[in-house]
Amino acid sequence: MSENTTGSIQSVSKESRRFTPSDEFRAGAEVKSRAEYEALWKRSIDDPNGFWLEQAKALPWRTAPTKALEWREPHAKWFEDGELNASECCLDRWKGTANWQKAALVWEGEPFDAQGQPEIVTLTYAQLHDRVVRLAAKLRRNGIEKGDRVAIYMGMVPEVVVAMLACARIGAPHTVVFGGFASDALRDRIIDCGAKALVTQDMSYRRGNEVKLWEAAKAAVEQCPTIATVIVHARRPDHAAMDDAAFQKRFSLGEEDYDETASPTMMKGKRLVRFTSKGDGKFAAGEGDAVALPAEHSLFVLYTSGSTGKPKGVLHTTGGYILGAHLTCRYVFDLKPSDLFFCTADVGWVTGHSYIAYGPLATGATCIMFEGAPNFPEPDRLWDIIERHRVSILYTAPTAIRAFIRTGEEWPQKHDMSSLRLLGTVGEPINPEAWLWYHRVIGGGRCPIVDTWWQTETGSIAITTLPGAVDAKPGSAGLPFFGIHPKVVDQEGNEVAANAGGKLILAGPSPSMLRTIWGDDERFKTAYWSDVPHVYTTGDGARKDEDGYFWVVGRIDDVLNVAGHRIGTAEIESALVSHPSVAEAAAVGRPDDLKGQALVVFVTLKSGIEPTDALRKQLLDHVSKEIGKFARPDGLRFAGALPKTRSGKIMRRLLKDLASGVESKGDTSTLEDLNVLAALRGASE
């Protein structure tokens, strides 16, 4: 392979296997052929106004829009003259239908009883609607008006979805802060968006341990002058059983200042309010009603967690976002009211927003939520959930799949997962070997897999394979969704030839994309619309093959300069995972006086395989064979586990610091297990 001197990103993946949907699946799919897909996609690009006005009829508008897009680069407005309410799109629309008494959410929690069984709560659409209406009334009663921001800091319990939909009901934009964040991260996000209220809970459970949310919430709120009201849900039964006086004393923002002779709801100027799981008392007629909102009314702010710098508050608005979430559920997941949809993400991330809270409910399906970890109390927790509830669609992360590979096939083989009809992946590129394992072991060789590429910023899935329309290529994100016009370009913004690597850009807006960065429109312009003129820069590297499929090679920030070649980490990691001994791998660069950058890989082996010097050499040679000698790693460290966030993403910046021999100064509050770092520090190359 000749030296790359252009500075473009090279893609070295070699994958020729194809998987065609069965005739049975194709017959019931929303889109049944590539020709049908291409006609719809072409119309969405050539006639966005007509296409999107037609698609928008899927939502229950209060006032139907008459125009789709108003575009003043880089600012888009979608369905500006239409009015609707996201809570109505998810709940009220189902009144009088068969969905109303059907399960909307099925939740499994920790801890487990003496027989190892979890707590299970099922909420029908009618019951979820009742709880949302009651909390909406409580928010209004405590001074929350349309336009006021509400922060939500909770674990994975049904009440977090209730809180989101209650905010949407009254037009109060919410910002959900992941329950694994520390108090400083919560404080910074509250201050940045100027939240007037916080909805939180006492604690949650993970791996049998209590996660003390209230302590973090209390510490944060005491530093947030904009917060006037704190609404607390009691997750622990003994807390829920308290009377109001005991509850307020237990959760006082300043117990030493609590005065029973004064107003029992005021502590240090903050109002403390109880949020019960079974209804919130009486309320006046109309207090919980949904308000009609302009389509461009702010629905939520969600902060991206960068490794450095101030987090970006990505702003999504109501009409375009809910339409994007709804349509991708229909077309990508082929989601039907009869489906039981299991998205394993946390609601604190955008995947949980779009594919637990908003998309499936707007489609009338049933969603599974679970509290805890996918491999506790045993490595088969997900497979057990699928078998017991007869889940039909599973949507999870490649990092989770690789972790399951490591524990061995015997765990999923204990369970009957014949109810599954579709699988999906999200979060990062999936290597072909993990894709094939997922297809064979979890899907039984019969389930189509939709690998999905999208971002917090796009709001909903942007690139994927529509499962009944086209073949799947293991490792490829697939084809653009409607309204998405991706291209792969070089450093100067020129589109590159087929199979050449470059920057992944989107040529124009789509309905569910972010509108700006909260309070910092200049950052919005420079972060997304300035690198390549007149287009949205995704920050990812990719290539487009001769069939029009996109292959994402990782974040441009993670591209490694190896012997003059710029290669994405995903491809080096994929080469390693293709070896039969490897379950998971992470590639990072470290400074090198001679080369400028040296390549170090961290490798987790499959269960039962011991790390040896001979295996290390074999793996290094394997990379040379799969990619080329120029990509042979300079160091390989065996790892019992890789440092991951609680959402399953590998924290490569921590590995980069380890490889470079420097102390990690970045935030580690989302790290799943701090012991993993300690073990890695002792590993040799």
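Bear in mind these aren't lab numbers, they're just calculated from the coordinates by the rules spelled out. Predicted model only: the values in this text are computed from it and were never measured. No Cβ is skipped: glycine too gets one built from the backbone with ideal geometry, and neighbour counts run over all protein chains shown.
Observations on the structure shown:
- Nearest 10 degrees, 0 to 90: helix 158-170 Cα axis against the chain principal axis: 70
- The distance separating the Cα centre of segment 116-165 from that of segment 519-546 comes to 35 Å.
- Taking a straight line from the alpha carbon of LYS617, these aspartates and glutamates sit under 18 Å away, with near neighbours fewer than eight places off in the same chain left out: GLU573, GLU584, GLU626, ASP634, GLU685.
- Degrees between helix 183-193 axis and first principal axis of the chain (Cα, 0 to 90, nearest 10): 80
- The charge dipole of segment 130-288, taken about its Cα centre with unit charges on the Cβ of Lys, Arg, Asp and Glu (plus for the first two, minus for the last two), comes to roughly 540 debye.
- As a proxy for reagent exposure, ranking ILE627, ILE567, ILE45 by other Cβ atoms within 10 Å from fewest up yields ILE45, ILE627, ILE567.
- Degrees separating the helix 34-46 axis from the principal Cα axis of the chain, which is the longest one: 70
- DSSP bridge analysis restricted to the chain gives an antiparallel fraction near 60%, rounded to the nearest 5.
- Beta bridges per DSSP with both ends in segment 130-288, % antiparallel, nearest 5: 25
- Put the Cα centre of segment 8-83 next to the Cα centre of segment 438-491 and the gap is 13 Å.
- Positive-end residue of TYR331, GLY444, GLY313, charge dipole of the chain with Cβ unit charges: TYR331
- Top positive-direction residue, dipole computed over the chain with Cβ charges, set ALA575, MET513, VAL221: MET513
- Our estimate of slack between ARG43 and ALA114, defined as 0.36 nm per intervening residue step minus the Cα-Cα distance, is 19.8 nm.
- Under a model in which nothing but the beta-carbon of Lys, Arg (+1) and Asp, Glu (-1) is charged, segment 344-435 shows a dipole of about 200 debye around its Cα centre.
- Segment 130-288 shape via C-alpha gyration tensor axes, a/c threshold 1.5: rounded
- Exposure proxy for GLU626, GLU409, GLU584: other Cβ atoms within 10 Å of each Cβ, ordered fewest to most, give GLU409, GLU626, GLU584.
- Distance in nm between pseudo-label sites at ALA285 and GLU495 (7 Å out along the Cβ direction from Cα): 6.0
- Matching label, Kirkwood radius over Cα pairs in Å computed from the structure shown, candidates (i) 25.9; (ii) 27.1; (iii) 29.7: (i)
- About its Cα centre, the dipole of the chain is roughly 440 debye, where the only charges are +1 on Lys and Arg Cβ and -1 on Asp and Glu Cβ.
- Mean separation of Cα contacts under 8 Å, 6 or more apart, over the residue count of the chain: relative contact order %: 14
- Fewest neighbouring Cβ atoms within 10 Å first, the residues MET417, MET513 line up as MET417, MET513.
- Within the shell of other residues whose beta carbon sits under 12 angstrom from the beta carbon of VAL391, the net charge comes to -2, with Lys and Arg scored +1 and Asp and Glu -1.
- Taking Cβ atoms as reference points and 10 Å as the exclusive limit, the residues near THR537 contribute a net charge of -1, counting Lys and Arg as +1 and Asp and Glu as -1.
- Cβ-based net charge around LEU655, under 10 Å, with every Lys or Arg adding one and every Asp or Glu removing one: +4
- When the Cα positions of GLN117, ALA137, MET156 are compared along the charge dipole of segment 26-173, ALA137 comes out farthest toward the positive end, with charges on each C-beta of Lys, Arg, Asp and Glu.
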